[in-house]
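Below is one structure, written out as structure tokens; comments come after it.
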Amino acid sequence: MIVVRNIFQLQFGKAKEGIPLLKEMAALSPEGSVRILADVTGDFYTMVLEETAADLADVEARARAEMSHPSWGALYARFTPLVMSGRREVFRTVE
């Protein structure tokens, strides 16, 4: 199994605006494959969109499907002005 974490450092005070947008973006993914995390310690205003997939091919297929959804572009355009920086981490689960 693959775990992908899209980590966003939001601008100061922008979490209230960012969380609903992340929830809408997460709704474009298969049911139960995405969760949203918010910082408790560490850098303030850190949001994580975490997704699980069977393998890297599944990650790529989902990304194509999500980004081709009619509402994705508008959501992305509203979310990116809230973001200072971001990064992606990709992990393979160890069983």
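The values are calculated or read from the model by the stated rules, or taken from the named source; none is laboratory data. Everything quoted here is computed from the prediction, not taken from an experiment. Positions of Cβ are generated from backbone atoms using ideal geometry, with glycine treated the same way; all protein chains shown enter the neighbour counts.
What the table shows:
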| item | result |
| --- | --- |
| Set SER68, SER85: member being at pLDDT below 95 and out of contact with any Gly (no Cβ under 8 Å at 6 or more places or on another chain) | SER68 |
| Meets criteria (within 13 Å of the chain's Cα centre (by Cα), surrounded by 11 or more Cβ atoms within 10 Å (Cβ to Cβ) and of a type in the set (Lys, Arg)) for ARG35 | yes |
| The range 36-52: number of residues that are closer than 13 Å to ALA15 by Cβ and either in contact with a helix residue (DSSP H, G or I) (Cβ under 8 Å, 6 or more places away or on another chain) or assigned to a strand (DSSP E or B) (or both) | 7 |
| Residue within the range 22-32 that is surrounded by fewer than 12 Cβ atoms within 10 Å (Cβ to Cβ) and closer than 17 Å to VAL83 by Cα present | no |
| Pairs where the first residue, in the range 50-70, is more than 12 Å from ILE2 (Cβ to Cβ) and the second is surrounded by 13 or more Cβ atoms within 10 Å (Cβ to Cβ), C-beta under 7 Å, 6+ apart | GLU66/LEU28; GLU66/SER29; GLU66/TRP72; HIS69/LEU28 |
| Meets criteria (touching a residue at least 12 places away in the same chain (Cβ under 8 Å), among the acidic types (Asp, Glu) and either on the phi < 0 side of the Ramachandran plot or part of a strand (DSSP E or B) (or both)) for GLU31 | no |
| Failed condition for THR41, given (1) hydroxyl-bearing (Ser, Thr, Tyr); (2) out of contact with any strand residue (DSSP E or B) (no Cβ under 7 Å at 6 or more places or on another chain); (3) within 18 Å of VAL90 (Cβ to Cβ) | (3) |
| Residue list for the range 44-95, restricted to those being of a type in the set (D, E, K, R), farther than 19 Å from SER33 by Cα and surrounded by 11 or more Cβ atoms within 10 Å (Cβ to Cβ) | ARG78 |
| Those residues of the range 53-95 which are in contact with a strand residue (DSSP E or B) (Cβ under 8 Å, 6 or more places away or on another chain), in a helix (DSSP H, G or I) and among the basic types (Lys, Arg), in sequence order | ARG62 |
